[in-house]
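The values are calculated or read from the model by the stated rules, or taken from the named source; none is laboratory data. Model, not experiment: these values are computed from the prediction. Positions of Cβ are backbone-derived with ideal geometry, glycine not excepted, and every protein chain shown enters the neighbour counts.
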Amino acid sequence: MNRPVSRGSIISTIIRKDLKEFSRDRFFTIMTVAGLIIYAIMFWLLPSTVSETISIGVHQSGLDEMFEEIAAEENGGLEFTSHKSSGALRAALGLGKEEPEQKLNIGLDFPEDFLEKVALGEKTTVKVYTDSNVPPEIRLALSGWVEEMAYSVSGQALPVNPPDEENIVLGEDRIGNQVSFRERMRPMFAYFILMMEIFALGALVAAEIKARTVTAVTVTPARVSDFLAAKVIVGTLVAFTETTLLMLLINSLGTSPLILLTAILLGAVLITGFGLIAGAQGKDFVATLFYCMLFIIPLAIPAFGVLFPGSASVWVKAMPSYGLINTIVGVTSYNEGWSEVLPELSMLFGWCLTVFAVGWFILKRKVESL
Amino acid sequence: MTGPAIDVKNISYSYQEKKAVDDISFTVAAGEILGFLGPNGAGKSTTIKMLTGQMPPRSGTIEILGRDIIKDRVAIQADIGVCFEEKNLYLNMSAKENLDFFASLFGLKNVDTEGLLERVGLADHADDRPKDFSKGMRQRLMFARSLVNSPKVLFLDEPTAGLDPSSSLAVRELIAKEAESGAAVLLTTHDMEEADKLSNRVAFINEGKIVAVDTPENLKLSHGKRSVRVRLKDNGKVKEEIVSLDDVDAGDRLKVAVGAAGLMTIHTEEATLEKIFIELTGRGLHA
């Protein structure tokens, strides 16, 4: 009679076999290595600074004093330059024959008779040029500002009494501390690496089911739970290692490594859960890819939310990947600590447990039904 | 252990409303090969699944090597070998790595996997991956895998299905050797010739029920005719004569036939296993 075998020994045997299979799968090996290198290179090529100054060119006559006053008072990132003619202003805006050295963001072209017409109460037109990158709210503000200026020049009061303002910034005031495009892409790259592993694990599991190799394993002293435990450990280990490696390559573990490693570990467990579900459903490569995409696309929404601030709705906060993305952003971009990221990490932990339990249950049932 | 290696009593299994296995009982002794014969969907695979611990029977008991499959599943699985109909090998691992992996699952170190590969004629392909193997080579590797823990009980599910004659012969020889060395073998097949050549006893299963269990010889005798068909050429014409072995002058008539100058062929009229199966179930094995 053969001696009983310990569970640990069986699980580690399956893990070693899985890692061997992983390393021999050319597609995933190339995807993983190329992904790491390409994402790291892309990260370092992205701009790391944000130009916070909006350059405004003005062509006017008779309003010198007013603009000098405005320029002297302004400290919120507006830079005024004066231009002698409409043509010079247009050239500085890039509308001339030659490309200017530094293009203006906004141009205000006051007609020569602006003062006279305003003083006489006649209608006049000020041309406002805005670069396509200028946010729409600033374009609107400029129009209001020109109108206000006209009232002021004519010595009339505004037709309404503007209320006193108290400027309240919601969240952390990012003036002077804006997040660069490189910073915004950081969680995106981490997410991409993790998502690649959903597919890798899903394909590994699907291959075992399709070839029925799992049946060959479970008629030995190995139990279904040993098989599942090995897959979970391999999936988590590979995803965690690769994401950590990427974070090292893009120099992102420096600030609070423990928080980031915790978030990455939870993220790795989360994607392992999704990988188990996708693997259990996928009958072949294409089907596995389909099921993986079903998870990958919605899970990417929080990462896109970081990329395009203001684009995400409140429901995005309920997404399983939100806690992961927000923790990475908070720690790497805003130096947040445990107390700030704890709610996000707790939510991520909750999702991990849920997705993991569902993945385990579905795959167990699938294996037992073979 | 003194009792049978496999002792199955009144087991049943249903998939929803359909009874796949319906109250069957049989035994297999150590060193014996029991051929489990039946067409697709007869309940062979379901029975194997229950016997190998992949799923519990809905009713009845299964004892393997004197232990209950439900209570001692893991311990039993350490002493059995299973060769599946599907070639479920790890295609990206070499033949030797496949065997080493399964040996590790049994907690066995220093298993002579190269020796096993030699036994199945794959010694020269130890480092090759099964994805490059022919069907016959894969089947032989599957068989080698089922022997990695030196099992006392072997479950072989259609071990020669789809193989060429020489590969089939090689696998059959290996099975016979294992039985000779004391392993109890349960062989499921719908190949009558294979069952006839290999099995000490055969069990016919149809629609989840065992309809007959006996040695091939006994089945043939009990269901065949005790007669001999003799064909002779006499004056350029072919003549056929059936000699009943129960006739008083049967011996003399056969002597004459054997001594005749024009004797062409002489055959016993015993039934084939296939004919017996059809007679018992009303359907063929390939139905």
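Give the number of residues within region B:65-78 that are β-branched (V, I, T), within 12 Å of chain A (Cβ to nearest Cβ) and within 24 Å of B:Y15 (Cα to Cα).
Going through region B:65-78, the residues β-branched (V, I, T) turn out to be B:69-70, B:74, B:76.
Adding the requirement that they be within 12 Å of chain A (Cβ to nearest Cβ) leaves B:69, B:74, B:76.
This time we only want the ones that are within 24 Å of B:Y15 (Cα to Cα), so: B:69.
Matching residues across region B:65-78 total 1.
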For region A:1-34, give me each residue that is away from chain B (no Cβ under 14 Å) and buried (at least 19 other Cβ atoms within 10 Å of the Cβ).
A:T32
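Among B:E241, B:E217, B:E158, B:E193, which is the only one that is within 30 Å of B:A260 (Cα to Cα), within 17 Å of the chain's Cα centre (by Cα) and at pLDDT below 90?
On the way: B:E241 fails: within 17 Å of the chain's Cα centre (by Cα); B:E158 fails: within 30 Å of B:A260 (Cα to Cα); B:E193 fails: within 30 Å of B:A260 (Cα to Cα).
After applying the criteria, what remains is B:E217.
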Look through A:R16, A:R7, A:R24 and report the one residue that is in contact (Cβ under 8 Å) with a residue 24 or more places away in the chain, closer than 24 Å to B:N98 by Cβ and not acidic (D, E).
A:R7
Please state which one of A:G323, A:G275, A:G282, A:G267 is assigned by TED's automatic domain parsing to the domain that holds A:A40, in contact (Cβ under 8 Å) with a residue 12 or more places away in the chain, farther than 24 Å from A:L36 by Cβ and surrounded by 22 or more Cβ atoms within 10 Å (Cβ to Cβ).
A:G282
Of all residues making up region B:43-64, the number that are acidic (D, E) and at the interface with chain A (Cβ under 8 Å from one of its Cβ atoms):
0
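Would you check if A:E79 is more than 20 Å from A:S61 (Cβ to Cβ) and in a strand (DSSP E or B)?
Details: more than 20 Å from A:S61 (Cβ to Cβ): yes; in a strand (DSSP E or B): yes.
Yes: the conditions hold for A:E79.
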I'd like the residue in region B:114-124 that is surrounded by 21 or more Cβ atoms within 10 Å (Cβ to Cβ) and assigned to a helix (DSSP H, G or I) and, out of all such residues, is farthest from the other protein chains (Cβ to nearest Cβ).
B:L117
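Applying the selection to region A:90-126, what residues are in contact (Cβ under 8 Å) with a residue 12 or more places away in the chain and under 37 Å from the mean Cα position of the chain (by Cα)?
The first filter runs over region A:90-126 and keeps only residues in contact (Cβ under 8 Å) with a residue 12 or more places away in the chain, leaving A:90, A:92-93, A:95, A:102-112, A:114-115, A:118-119, A:121, A:124-126.
A:R90, A:A92, A:L93, A:L95, A:Q102, A:K103, A:L104, A:N105, A:I106, A:G107, A:L108 - these are the residues of region A:90-126 that are in contact (Cβ under 8 Å) with a residue 12 or more places away in the chain and under 37 Å from the mean Cα position of the chain (by Cα).
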Count, please, the residues in region B:24-78 that happen to be part of a loop (DSSP other than H, G, I, E, B) and either on the phi > 0 side of the Ramachandran plot or touching a residue at least 12 places away in the same chain (Cβ under 8 Å) (or both).
21
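Tell me, which helices (runs of 4 or more DSSP H) wholly within region B:144-236 include 3 or more residues that are surrounded by 19 or more Cβ atoms within 10 Å (Cβ to Cβ)?
It comes to B:165-180, B:192-198.
Can you tell me which residue within region B:261-286, out of those that are touching a strand residue (DSSP E or B) at 6+ places or on another chain (Cβ under 6 Å) and surrounded by 15 or more Cβ atoms within 10 Å (Cβ to Cβ), is farthest from B:I210 (Cα to Cα)? Steps first, answer last, please.
Here is the first cut: in region B:261-286, the residues touching a strand residue (DSSP E or B) at 6+ places or on another chain (Cβ under 6 Å) are B:262-269, B:277, B:280-281.
From what's left, surrounded by 15 or more Cβ atoms within 10 Å (Cβ to Cβ): B:266, B:277, B:281.
Working: B:I266: 34, B:F277: 11, B:T281: 10 Å.
In this case the residue turns out to be B:I266.
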In region A:238-255, which residue that is crowded, with 18+ Cβ neighbours inside 10 Å and assigned to a helix (DSSP H, G or I) is farthest from the chain's Cα centre (by Cα)?
A:V238
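Among residues belonging to region B:79-113 that are assigned to a helix (DSSP H, G or I) and facing chain A (nearest Cβ under 9 Å), point out the one that is nearest to B:V185 (Cα to Cα). Spell out how you get there, then give the answer.
Residues of region B:79-113 assigned to a helix (DSSP H, G or I): B:95-105, B:113.
From what's left, facing chain A (nearest Cβ under 9 Å): B:97, B:101-102, B:104-105.
On the way: B:E97: 26, B:F101: 24, B:F102: 20, B:S104: 23, B:L105: 22 Å.
So the residue we want is B:F102.
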